[in-house]
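Below: one structure, written as structure tokens.
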Amino acid sequence: MYFITAVALTLVATLLWFIFRKKKILHFNYLTMIFGAASLMWLIDVIFSAAKGEEPFGFEALDRWISLWTLLAGFALWGIIVLILYRLEKKEVESN
């Protein structure tokens, strides 16, 4: 479930990036990279789970919590990046 969630969030972030590409202040490119990296990480986990003979796609309660925390951590990290970059850009404009 966490892999499916990460891939879905990557697709949504990529779509937002293309729609709002002229609004650079939103930095959706970072959100796409965050969820893309999470998707790659979970893809590797799915491959190794399948290689060990385990069920690669789990839909247990723990998987739902992992998906939720992946979503929240990704958006929190993106929010921090956007705030830091906004402050840096604001300081740069003020110094000029």
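Whenever a residue of segment 67-92 is more than 16 Å from residue 13 (Cβ to Cβ), its partners that are at pLDDT below 95 and not in a helix (DSSP H, G or I), lying with C-beta atoms within less than 8 angstrom and at least six residues away or across chains, give the pairs 85/27.
For segment 13-66, give me each residue that is more than 11 Å from the chain's Cα centre (by Cα), in contact (Cβ under 8 Å) with a residue 40 or more places away in the chain and closer than 29 Å to residue 89 by Cβ. Passing the criteria: 25, 26, 27.
Conditions tested, residue by residue: (1) in contact with a Phe, Trp or Tyr (Cβ under 7 Å, 6 or more places away or on another chain); (2) within 21 Å of residue 87 (Cα to Cα).
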position: 5; (1), (2): no, no
position: 10; (1), (2): yes, no
position: 14; (1), (2): no, no
position: 18; (1), (2): no, no
position: 24; (1), (2): no, yes
position: 27; (1), (2): no, yes
position: 31; (1), (2): yes, yes
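Against the definition (of a type in the set (Lys, Arg), loosely packed, with under 14 Cβ neighbours inside 10 Å and outside any helix (DSSP H, G or I)), how does residue 21 come out, yes or no? It is true that residue 21 is of a type in the set (Lys, Arg), loosely packed, with under 14 Cβ neighbours inside 10 Å and outside any helix (DSSP H, G or I). Residue count for segment 41-91 under the criterion of being modelled with pLDDT under 85 and either over 21 Å from residue 4 (Cβ atoms) or assigned to a helix (DSSP H, G or I) (or both): the result is 6.
The values are calculated or read from the model by the stated rules, or taken from the named source; none is laboratory data. In this text, all values refer to a predicted model and were calculated from it rather than measured experimentally. Cβ: placed from backbone, ideal geometry, glycine included. Neighbour counts: every protein chain shown.
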